[in-house]
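Peer 1: Questions regarding the structure given below will be posed in turn.
Values in this text are rule-based calculations from the coordinates and carry no lab data. Not measured: the values here are computed from a predicted model. Here Cβ is always computed from backbone atoms with ideal geometry, including for glycine, and neighbour counts include all displayed protein chains.
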Amino acid sequence: MAAEVASAAELAGANVLASTRAGGQEVLHVTRERYLEVAGALRESGFEMCADLCAVDYLRHLHRPLPDEVTPERFEIVVNLLSLERHQRVRLRVQVPDTDPVVPTLFNLYPGTENMEREAFDLYGVRFEGHPDHTRILMPEDWEGHPLRKDYSVGRVPVQFKQAPGPR
């Protein structure tokens, strides 16, 4: 009989606001203040890979269903961590207010998050404190605004990509 695998919430300890399940995955809701601690505890417990990190803008869905312990904010950072040894996946969800869209970087724990965090900054305007290269990655350096925000004007200026080939 296989040994029972500890839940990610048990591994993260008391720093988790709420633990739910969605799509067969464990989902941990954490505060911005505990985000780095929880990610560090999971890293030490064998979650050696960050498969994805992205931002979500809930401008028009501020009253979405969340656990009672979680206060909804406009932005959310969603991180998917994997433990290859345990065959386990966990999703972290962090609420980020639009008045102060800043969270700590995971770069020192998961170096592969560098470009994912740059993309979240570029397209949503969420900054990652301590990030080694906080520059745009998809949009031109002089681009104003963050095009995936729900309040960004659509079709205002055509996107000009760097080194784009001319017409065919």
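Peer 1: Size of region 12-129 along its principal axes in angstrom, Cα-based, largest extent first?
Peer 2: 39, 31, 24
Peer 1: Right, something else. Multiply the residue gap between A18 and R60 by 0.36 nm, knock off their C-alpha separation, and tell me the result in nm, one decimal place.
Peer 2: On the way: separation 42, 0.36 × 42 = 15.12 nm, distance 2.32 nm.
The span from A18 to R60 would gain 12.8 nm if fully extended.
Peer 1: Once the Cβ-Cβ distance between H87 and S153 is put in as r, and R0 is 30 Å, what FRET efficiency do you end up with, to the nearest 0.05? Before the final figure, lay out the partial values.
Peer 2: Working: r = 45 Å, r/R0 = 1.50.
Once rounded, the FRET efficiency stands at 0.10.
Peer 1: As an exercise, use a Förster radius of 22 Å and the Cβ-Cβ distance of H134 and E44 to find the FRET efficiency, rounded to the nearest 0.05. Display every interim value, and only then the final one.
Peer 2: On the way: r = 27 Å, r/R0 = 1.21.
After rounding, the FRET efficiency stands at 0.25.
Peer 1: Please report, in debye to the nearest 20, how large the charge dipole of the chain is about its Cα centre when each Lys and Arg carries +1 at its beta carbon and each Asp and Glu carries -1 there. Mind dumping the intermediate values first?
Peer 2: Values: 19 positive and 26 negative charges, 127 e Å.
Roughly 620 debye, rounded to the nearest 20.
Peer 1: So, one more: Place a point 7 Å from Cα of E144 in the direction of its Cβ. Which residues in region 95-122 have their backbone N less than 19 Å from it?
Peer 2: It comes to 122, nothing else.
Peer 1: Counting pairs of Cα atoms in region 49-106, how many percent are more than 19 Å apart?
Peer 2: Values: 611 of 1653 pairs.
The proportion of pairs with Cα distances above 19 Å equals 37 percent.
Peer 1: Below 8 Å, C-alpha to C-alpha, sequence gap of six or more: please give me the relative contact order for region 12-129 in percent. Provide the component values of the computation, followed by the final result.
Peer 2: Details: 220 pairs, mean separation 31.8, N = 118.
This gives 27 percent for region 12-129.
Peer 1: Continuing with this model, one more query. Separation between the A51 and T71 pseudo-spin-labels, each 7 Å from Cα along Cα→Cβ, expressed in nm?
Peer 2: 3.2
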